[in-house]
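The values are calculated or read from the model by the stated rules, or taken from the named source; none is laboratory data. These numbers were taken from a predicted model, which means no experiment stands behind them. Using ideal geometry, Cβ is built from the backbone for each residue, glycine included, and neighbour counts are taken over all protein chains shown. Only protein heavy atoms, including side chains, enter the accessible area calculation; ligands, DNA and RNA are left aside. Shrake-Rupley method; radii C 1.70, N 1.55, O 1.52, S 1.80 Å.
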Amino acid sequence: MTTTVMPRQRPAMGGFNVPNLLLEIRRVLRNRRTLFFILVMPAVFFLLFGLPNKGQSLDNGAPVTGYIMISLAVYGAMVATTSGGGMVAVERAQGWSRQLRLTPLRPAAYVATKVLTAMTLGLLAVLVEFVVGAVCGVSMPAHVWLLSGLAAWLGSLVFAAFGLFVGYLAPAENVMQFLGPILAILAMFGGLFVPLEVLPEVMQQIARFTPVYGVGELARSPLTGTGATAGAVANVVLWTVAFGFGAARLFRRDTQRV
Amino acid sequence: MPTTTPAVELTGLTKRYGAVTAVDGLSLRIEAGEVVAFLGPNGAGKTTTLDMLLGLARPSTGSVRVYGDTPTDAVALGRIAAVMQSGGLLKDMTVAETVRMTANLYPHARPVAEVLDRAGITDIAGRRVAKCSGGQQQRLRFAMALLPDPDLMVLDEPTTGMDVEGRRDFWTAIRRDARAGRTVLFATHYLEEADAYADRIVLIRQGRIVADGTTAEVKNLAAGRLVRATLPGADQVSLAGLPGVESVEVRGDTVLVQAADSDEVARYLLNHTSARDLEITSRNLEDAFLALTTGTAADELQGSTR
């Protein structure tokens, strides 16, 4: 043998790499269906249900349109991160996960790519909703824009974990078709479509324990001035841990399956 | 790495699913550079064996070594790559994106343009996977498997479901690629494929190897050969007494001898009789395959594997 053979190596970071992250994001962005539910629908909801309240104020003088805009940003972000995490369901159904086991990619690097893709989508959803709001004349102090946006975005990590959990639970190509209605119901209980106060008392009590409640409260708190309540923080942390733990367990079962 | 390390070493490999034994104490050694066909009927245990070779399934007992490594390490190092039978492609991606995404997982992948060219799919690089035919998807899987420039290429029934033309194109791509020194192991139930593209055939039935040798050897094991010559007044008794002769038939001036050792018969006919127009033909591989993979003949032949 006269050929010089390059010593064989494993990839750095288990195969995680930025070019593939960008490819993943591009994949999602050219899916019209996903874009519609993540970017267009929340914006249209704002135009339909937010704008008619223009000029009205909350008890503390903050604009009602801001309240609705932030709620819909949370909704957009949660749909975005759920579908980002839920991509594993599609990829397992199509056998791509198995194909990846014939490459050096480590499962943890795969999941990291999915979470980062989901969070990028979530950020995009928040930004689009905020831009629509700003263009339509929503006026809030700078710190409210920033803190509410960050809370809506970071809080949507709960749903990236939720999407992964469902993705590892059910390898289905149409996972978002049955997750969509579930997310809508959860958003309802999280007070994203109507303020929780208009719901019956018993519903309000139940709502506090549902996974959208915490992120909704936290995202709106800079505007309403209620501050971050312990209940809201606990809600976000516990649901993130619950879905994250569930996803991790199923993920381990999946990667060990032989 | 010392050249004595075999490309594949399976030792006492067994895989049980509950009460079903899919692979039953299978041992196999493949040297670097061999092109081996893994031939057997559906359900013989071919795919299960390949899954264990690739680290996709864990053996119940026995061990797998790929160039001395575990399958997982061999995959991580890009030493082994595989073309699976179906699935494993994302429909919404283009051919080039799929290859690029896979290439990004290897520290020293071959260039994307190069593997597309070698697999013969440069012209459909921009096509969505969903719009590719089965044959095109299979060549895409082949392009992906070329990326790490593997020492061992495993193909699991790579041409299943392809039409004749697709099959020919696929094998043309494989042959064009045949880099000196690359070991190839392919599973197939197409006899012609094993016959045409392998140096060695490993015949498997019910999770066991029932025959292992060159194409010619495997054919001989089951079928022997037919020696035909023109020999007026042939002495049937002395012909039937030759070693390995199964039957002797005389039709006019023509004598037909069915024998496991056709060389011996031919030598006798030419040296000791006035036979002329001698012809030796083998029964086709299909017959050998059927004889070995069904019935009891296969069990008797197990001792004669190499």
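Quick rundown of the values:
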quantity: Residue match in segment B:207-225 (condition: farther than 30 Å from B:Ala32 by Cβ, open to solvent by 40 Å² or more (accessible area, probe 1.4 Å) and out of contact with any Cys (no Cβ under 9 Å at 6 or more places or on another chain)); calculated: yes
quantity: Pick from segment A:80-100, criterion open to solvent by 10 Å² or more (accessible area, probe 1.4 Å) and either away from chain B (no Cβ under 14 Å) or in contact (Cβ under 8 Å) with a residue 60 or more places away in the chain (or both), ranking: nearest to the chain's Cα centre (by Cα); calculated: A:Ser83
quantity: Residue among A:Ser139, A:Ser156 that is among the polar types (S, T, N, Q) and farther than 30 Å from A:Asp254 by Cα; calculated: A:Ser139
quantity: Filtered residues of segment B:60-72 (kept if open to solvent by 40 Å² or more (accessible area, probe 1.4 Å) and not charged (D, E, K, R)); calculated: B:Ser60, B:Thr61, B:Gly62, B:Ser63, B:Gly68, B:Thr70, B:Thr72
quantity: Given (1) assigned to a helix (DSSP H, G or I); (2) of a type outside the set (Lys, Arg); (3) open to solvent by less than 10 Å² (accessible area, probe 1.4 Å), number of the condition A:Gly191 does not satisfy; calculated: (1)
quantity: Residues of segment B:33-47 satisfying the condition of being open to solvent by less than 60 Å² (accessible area, probe 1.4 Å) and not aromatic (Phe, Trp, Tyr); calculated: B:Gly33, B:Glu34, B:Val35, B:Val36, B:Ala37, B:Leu39, B:Gly40, B:Pro41, B:Ala44, B:Gly45, B:Lys46, B:Thr47
quantity: Lone unmet requirement of (1) out of contact with any helix residue (DSSP H, G or I) (no Cβ under 8 Å at 6 or more places or on another chain); (2) within 16 Å of A:Met78 (Cβ to Cβ) for A:Val158; calculated: (1)
quantity: Members of segment B:233-243 found to be open to solvent by 40 Å² or more (accessible area, probe 1.4 Å) and touching a strand residue (DSSP E or B) at 6+ places or on another chain (Cβ under 8 Å), listed by number; calculated: B:Gln236, B:Ala240
quantity: Residues of segment A:203-237 satisfying the condition of being without any contact (Cβ under 8 Å) to a residue 24 or more places away in the chain, out of contact with any Asp or Glu (no Cβ under 7 Å at 6 or more places or on another chain) and part of a helix (DSSP H, G or I); calculated: A:Met203, A:Gln204, A:Gln205, A:Ile206, A:Ala207, A:Ala230, A:Gly231, A:Val233, A:Ala234, A:Val237
quantity: Scope segment A:10-30; condition on the phi > 0 side of the Ramachandran plot and either hydroxyl-bearing (Ser, Thr, Tyr) or facing chain B (nearest Cβ under 7 Å) (or both); matching residues; calculated: A:Gly15
quantity: Contacts under 8 angstrom Cβ, first residue in segment B:46-69 being facing another protein chain (nearest Cβ under 10 Å) and closer than 13 Å to B:Gly12 by Cβ, partner surrounded by fewer than 20 Cβ atoms within 10 Å (Cβ to Cβ) and at pLDDT 95 or above, 6 or more apart; calculated: B:Pro59/B:Thr14
